[in-house]
Amino acid sequence: MAIQNIYFVPHPPIIMQEIGGRDVEKVEETVSAYHKVAKQIAEDKPKTIVFISPHGLSFDNGTCLYDAISLKGDFEMFGESTIIFQKNIDQELTRSIESFMDESDFTSILMTHELVKSYNRSLKLDHGVMVPMYFIDQYYRDYRVVHITPGGTSLLENYRIGMQIRKATEQANDCVLVCSGDLSHALKNSGPYAFHKEGPILDRAICNAVKNQDVETLLTIEDTCLENAAQCGLKSFLMGFGALDGYAYESALYSYEGPFGVGYMVARLTPLAKSDSFYGTFTTKRAQLFDERVGRESLYVSLARLTIAHYFKTRRMLKQAEFKKIILESDLYPFTVEDVATFLEALSDERKGSFVSIHKKHALRGCMGTIEPAFSDLYDEITYNAIVAATEDPRFNEIGLDEMADLEITVDVLMPKESVQSLEAFDVKRYGMIVEKGRKQGLLLPNIDTVTNVKEQYRICLDKAGIYMDQEVKLYRFEVIRFE
């Protein structure tokens, strides 16, 4: 393969003598490991270095590749304007990577100097690329650059993008990948974020994954852990791992430290002979777990899940006849013709509000619904709310099709709300809560694992509505029938 080595490196400007000054002494292990990497790249003599940095221009739904003749950058924002880099872009490889991504239906954008103007931004090298260059260029400068920035896409998608990078490089000259990223920013209270226990947990997981070649652990890290640990490197690293899918490889962890409250890891992956595809094994395992989950789900949840999948593929609603056909023709579902007919008839005869809640690895991924019925029947109510929960919840990016196998879905059918006079009328397990003041309204479903008492339920409803604690509100409670 054309990829000679893959390097995982951090990008804090403070490790550069001109910026960090005496603080550089506190990161001696990182600096020493960086020089080791730079010397190895000089020995590799790559024609192109593919830099993957989280700090370039980023998009929620796709990956950004810089397409220009050359790019320039400096460290002025870090108080050092005299260190300047200017590199020629390997446009042929850049466009080849984008082409392979497009063939595999990944969303990507080739960002040019002209196009970037429409975003009121400029196209330049960022510190996620320039910090590695600072060390590399002390030993080797005869290389062109590919600049890639991951977007707000799933961990698995970034692994698969790495697979497309490898395909493109197989047709190119020798190259190396430099996957730039810091680990947790929540290792100390004195760091950029307050300490969180998930910080060191995540850093250990990433370091162990490198040492033990355990990519699956990284792909299955819970979203809440990633959020609490406040890292910026995992997607870059997963692209690096993905570039070696189908190959055996040697891994080496050169250093890890976090003296400033941010984890810095330096590591190397070296491809060896062709081997079995991890992605193939992983997806087979996921498919088996998915089949087992789907086989246990109620018809209500099957309707929501199939609606979301159908919408992502066609961008239209799932009709009753289509739902019936899928359910009855698939071996995944245990339902009879009579079961489905009775279910659809019941939905057609009912008008009720509903909520569709989506979780991924036990963390909320989307939840939207209607308090009062907004459609002519419950079938349309559920299918509409399933789509908006997956695509329009303002707290999250739109769910990706490759996330479907990991989603846990519940459907709540709401009973009519009733007015109550005080919080004493509530039980968090039994009743949902609605607070109203004028046109402001906040709702919380009942029986949520993380909500343990009525005061907490009330506070969350007020926060959702934007109502202050000392303001008078109207209180309502409601029950639900929850389908799992």
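Overview of values
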{"read-out": "Among the candidates 436, 372, 424, residue that is charged (D, E, K, R) and outside the structural domain of residue 453 (by TED's automatic domain parsing)", "value": "372"}
{"read-out": "Strands (runs of 3 or more DSSP E) wholly inside the range 58-110 containing at least 1 residues that are under 20 Å from the mean Cα position of the chain (by Cα) and not assigned by TED's automatic domain parsing to the domain that holds residue 397", "value": "63-66"}
{"read-out": "Residue in the range 390-412 that is surrounded by the most Cβ atoms within 10 Å (Cβ to Cβ), counting only those that are without any contact (Cβ under 8 Å) to a residue 40 or more places away in the chain and not aromatic (Phe, Trp, Tyr)", "value": "393"}
{"read-out": "Subset tally (residues that are polar (S, T, N, Q) and either crowded, with 17+ Cβ neighbours inside 10 Å or in contact with a Phe, Trp or Tyr (Cβ under 6 Å, 6 or more places away or on another chain) (or both)) for the range 94-124", "value": "3"}
{"read-out": "Residue identified as at pLDDT 95 or above and touching a strand residue (DSSP E or B) at 6+ places or on another chain (Cβ under 8 Å) among 230, 321, 267", "value": "267"}
{"read-out": "Residue within the range 189-204 that is among the basic types (Lys, Arg) and under 18 Å from the mean Cα position of the chain (by Cα) present", "value": "no"}
{"read-out": "Selection from the range 268-305 of residues that are surrounded by 13 or more Cβ atoms within 10 Å (Cβ to Cβ) and touching a Gly at 6+ places or on another chain (Cβ under 9 Å)", "value": "269, 275, 277, 278, 279"}
{"read-out": "Selection from the range 164-192 of residues that are modelled with pLDDT of 95 or more, closer than 24 Å to residue 44 by Cα and surrounded by fewer than 22 Cβ atoms within 10 Å (Cβ to Cβ)", "value": "167"}
{"read-out": "Where a residue in the range 145-156 is part of a loop (DSSP other than H, G, I, E, B) and its partner, wherever it lies, is at pLDDT below 95 and of a type outside the set (D, E, K, R), with Cβ under 6 Å and at least six apart", "value": "151/58; 151/59; 151/62; 152/397; 154/400"}
{"read-out": "Tally of residues being part of a strand (DSSP E or B) and farther than 18 Å from residue 152 by Cβ across the range 386-425", "value": "10"}
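Here's the yes/no breakdown for (1) small (Gly, Ala, Ser); (2) touching a helix residue (DSSP H, G or I) at 6+ places or on another chain (Cβ under 8 Å):
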residue: 203; (1), (2): no, yes
residue: 216; (1), (2): no, yes
residue: 221; (1), (2): no, yes
residue: 227; (1), (2): no, no
residue: 255; (1), (2): yes, yes
residue: 259; (1), (2): no, yes
residue: 271; (1), (2): no, no
residue: 277; (1), (2): yes, no
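Listed here are the residues, each with its yes/no results for (1) closer than 18 Å to residue 164 by Cα; (2) touching an Asp or Glu at 6+ places or on another chain (Cβ under 8 Å).
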{"site": "252", "(1), (2)": "no, no"}
{"site": "262", "(1), (2)": "no, yes"}
{"site": "277", "(1), (2)": "yes, yes"}
{"site": "304", "(1), (2)": "no, no"}
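The values are calculated or read from the model by the stated rules, or taken from the named source; none is laboratory data. Predicted model only: the values in this text are computed from it and were never measured. Glycine also receives a Cβ, built like all others from the backbone with ideal geometry; neighbour counts cover every protein chain displayed.
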